[in-house]
Amino acid sequence: LVVVLIIGILSAIALPQYQKAVEKSRAMEGVILVSSIAKANQRYFLANGSYSSDINDLDLDFPGEDTAEGGVATKLTTYFRCRSAAVGADSDYVIALCRSRDNKEYYLQVLKRDPTQIICSGDNDTGIQWCKTFTGKTEAPYTF
């Protein structure tokens, strides 16, 4: 009985840490994906004079299933929905975007004005908390 109790206590301590490590590795996958898209879009810009809004135009071997969301070519991976560009109303538009596929509602993006910086944003309190936790920042912008 004592052995079972000790194992239960140890697993209660270890399981949350394990879940956090798994979530952090998923976050790093998203960082790598959005960074790859941004770099490929920068190469596309150098070759063509404009950014591509179609992820399939970029010179990268990207994992995932091809789909279109809102008329925009998108790649679906296990944990993310990624696309090349989401042109905004201002001149500071997104050149790479990966959104979570689960209910956390966070997304990673790279903006034209600073393509070296990956920004984490959230649609709700859960998404914002996720960004705070995994970037280590307490105030916006949450950057990697």
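Of all residues in the range 103-124, exactly one satisfies the criterion of being of a type outside the set (S, T, N, Q), open to solvent by 60 Å² or more (accessible area, probe 1.4 Å) and out of contact with any strand residue (DSSP E or B) (no Cβ under 8 Å at 6 or more places or on another chain), namely Arg113. Among the residues of the range 58-84, those identified as under 22 Å from Leu46 (Cβ atoms), hydrophobic (A, V, I, L, M, F, W, C) and out of contact with any Cys (no Cβ under 9 Å at 6 or more places or on another chain) are Leu58, Leu60, Ala73. Arg101 meets each of the listed conditions (1) closer than 25 Å to Gln17 by Cβ; (2) at pLDDT 90 or above apart from (2).
Every residue, every condition in (1) within 17 Å of the chain's Cα centre (by Cα); (2) not hydrophobic (A, V, I, L, M, F, W, C), yes or no:
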{"site": "Val4", "(1), (2)": "no, no"}
{"site": "Ile9", "(1), (2)": "no, no"}
{"site": "Ala27", "(1), (2)": "yes, no"}
{"site": "Phe45", "(1), (2)": "no, no"}
{"site": "Leu58", "(1), (2)": "no, no"}
{"site": "Thr74", "(1), (2)": "yes, yes"}
{"site": "Cys82", "(1), (2)": "yes, no"}
{"site": "Ala85", "(1), (2)": "yes, no"}
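Residue check, Ala40 against (1) open to solvent by 60 Å² or more (accessible area, probe 1.4 Å); (2) modelled with pLDDT of 85 or more; (3) over 22 Å from Pro141 (Cα atoms); (4) not hydroxyl-bearing (Ser, Thr, Tyr), all met but one. Which one? Of (1) open to solvent by 60 Å² or more (accessible area, probe 1.4 Å); (2) modelled with pLDDT of 85 or more; (3) over 22 Å from Pro141 (Cα atoms); (4) not hydroxyl-bearing (Ser, Thr, Tyr), only one is false for Ala40: (1).
Checked against the criterion of being more than 11 Å from the chain's Cα centre (by Cα), not in a strand (DSSP E or B) and not charged (D, E, K, R), the candidates Ile128, Ile32, Ile95 yield just one match: Ile128. When the residues of the range 52-74 are filtered to those that are open to solvent by less than 40 Å² (accessible area, probe 1.4 Å) and more than 21 Å from Lys24 (Cα to Cα), which remaining residue is modelled with the lowest pLDDT? Filtering first and then ranking leaves Val72.
The values are calculated or read from the model by the stated rules, or taken from the named source; none is laboratory data. Note that this is a predicted model, so its numbers are computed, not measured. FYI the Cβ positions are ideal-geometry reconstructions off the backbone, even for glycines, and counts take in every protein chain you see. Accessible surface areas use protein heavy atoms only, side chains included; no ligands, DNA or RNA. Shrake-Rupley method; radii C 1.70, N 1.55, O 1.52, S 1.80 Å.
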